[in-house]
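The values are calculated or read from the model by the stated rules, or taken from the named source; none is laboratory data. All of these numbers come straight from a predicted model, not from anything done at the bench. FYI the Cβ positions are ideal-geometry reconstructions off the backbone, even for glycines, and counts take in every protein chain you see.
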Amino acid sequence: MAVISTVDFITPPVDDPYWFGQIAAANSLSDVYAMGGRPVLALNLVMFPSKALDMALLKEILRGGNDKVLEAGACMAGGHSVDDNEPKYGLAVTGLVPPGRILTNSGARPGDALVLTKPLGTGVLFNSGRSGKLPYRDLEALLPAIAALNGPALDAARRYDVHACTDITGFGLLGHCLEMARGSTTRIHLSYRSLPFHPHAADMYRRGETTGSNPANRKAVDGAWELQVKLSAAEEELLFDPQTSGGLLLAVPGSQAEDLVRSLRAAGMGAAAWIADVLAGDRAAVSVG
């Protein structure tokens, strides 16, 4: 048995402490699922301004995180806290995976299809909630999907020949696709019209909202991607939107992609979509058509 050890924490994406705990925990647990593992143990990582905020808020953050760990079938075994000026929360997670079933982002093959399990756009949506451009009731309606664990997606995918896997997080869709292309020495062709987006995400970019990570994410793929379709500025920005608790990106043989999408949707991932194809190439690159 192989051991997976990973750690992640975030600042509050929303003001509700219970949702903050759930989203942060799901985000931390996702790294284990992206490697094909099963979470077994988690430790809290807490930074909290105890003199400025009511400790009842911290209790709700921890309750949200614990509930999500229990949902994953793992055990919360304690953790560590420090006084800080800004709340931050996440988990150190230990997972297990049989050595022969470890998934990486470097095994995609020409002829594979890439299937995405969750919609995109959380970065701009969270910023829009903070700025007041997006009413909280509209953001709150999306939180269950954002906080959903990637475990059920992995369970569904395990019935297929998964060659590579990663979770879409802070580097945005284009950044993570390029990582997979580089790890596999392949080209990836994204079909923009096949991409699933959360409601309101494109509209928030059209209204001038953005994130602090978009420019860095764009710079990180400079010279390694090509736009082959006409997109508006807002549509293009969605390619660089940093995700929190994003979905899995799964590389499977093209002949299995449609069936995998059906299985994912039947398991509750209604936004699951075949978004890209893996092609042979002399150098790693991503094209968007």
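For segment 237-276, which residues satisfy the criterion of being out of contact with any helix residue (DSSP H, G or I) (no Cβ under 9 Å at 6 or more places or on another chain) and either assigned to a helix (DSSP H, G or I) or without any contact (Cβ under 8 Å) to a residue 60 or more places away in the chain (or both)? It would help to see each step written out before you state the result.
Pass one, segment 237-276, residues out of contact with any helix residue (DSSP H, G or I) (no Cβ under 9 Å at 6 or more places or on another chain): 253-259, 261-262, 265.
Selection gives Gly254, Ser255, Gln256, Ala257, Glu258, Asp259, Val261, Arg262, Arg265.
Which residue, of Ala201, Ala284, Ala273, Ala266, is loosely packed, with under 15 Cβ neighbours inside 10 Å and small (Gly, Ala, Ser)?
Ala266
With a cut-off of at least 2 residues that are farther than 25 Å from Ala285 by Cβ and touching a Ser or Thr at 6+ places or on another chain (Cβ under 7 Å), name the helices (runs of 4 or more DSSP H) lying wholly within segment 104-153.
122-131
Scan Ala141, Ala157 and give me the residue that is closer than 20 Å to Leu249 by Cα and either outside the structural domain of Ile275 (by TED's automatic domain parsing) or among the hydrophobic types (A, V, I, L, M, F, W, C) (or both).
Residue meeting the stated conditions: Ala157.
Out of Ala141, Ala145, I need the residue that is surrounded by fewer than 17 Cβ atoms within 10 Å (Cβ to Cβ) and of a type in the set (A, V, I, L, M). Which one?
Ala141
Quick one: count up the residues across segment 191-232 that are of a type outside the set (Gly, Ala, Ser) and not in a loop (DSSP other than H, G, I, E, B).
So the answer is 15.
Can you tell me which of (1) closer than 24 Å to Thr117 by Cα; (2) out of contact with any helix residue (DSSP H, G or I) (no Cβ under 7 Å at 6 or more places or on another chain) is the one Pro49 doesn't meet?
All conditions pass for Pro49, except number (1).
Quick one: in segment 170-186, of everything that is in contact with a Pro (Cβ under 9 Å, 6 or more places away or on another chain) and surrounded by fewer than 22 Cβ atoms within 10 Å (Cβ to Cβ), which residue is farthest from Gly123 (Cα to Cα)?
Phe171
Can you find a residue in segment 97-117 that is at pLDDT 95 or above, farther than 30 Å from Leu279 by Cα and surrounded by 18 or more Cβ atoms within 10 Å (Cβ to Cβ)?
There is no residue in segment 97-117 that is at pLDDT 95 or above, farther than 30 Å from Leu279 by Cα and surrounded by 18 or more Cβ atoms within 10 Å (Cβ to Cβ).
All but one of (1) touching a helix residue (DSSP H, G or I) at 6+ places or on another chain (Cβ under 6 Å); (2) outside any loop (DSSP other than H, G, I, E, B) hold for Asn27; state the number of the condition that does not hold.
Failed condition: (1).
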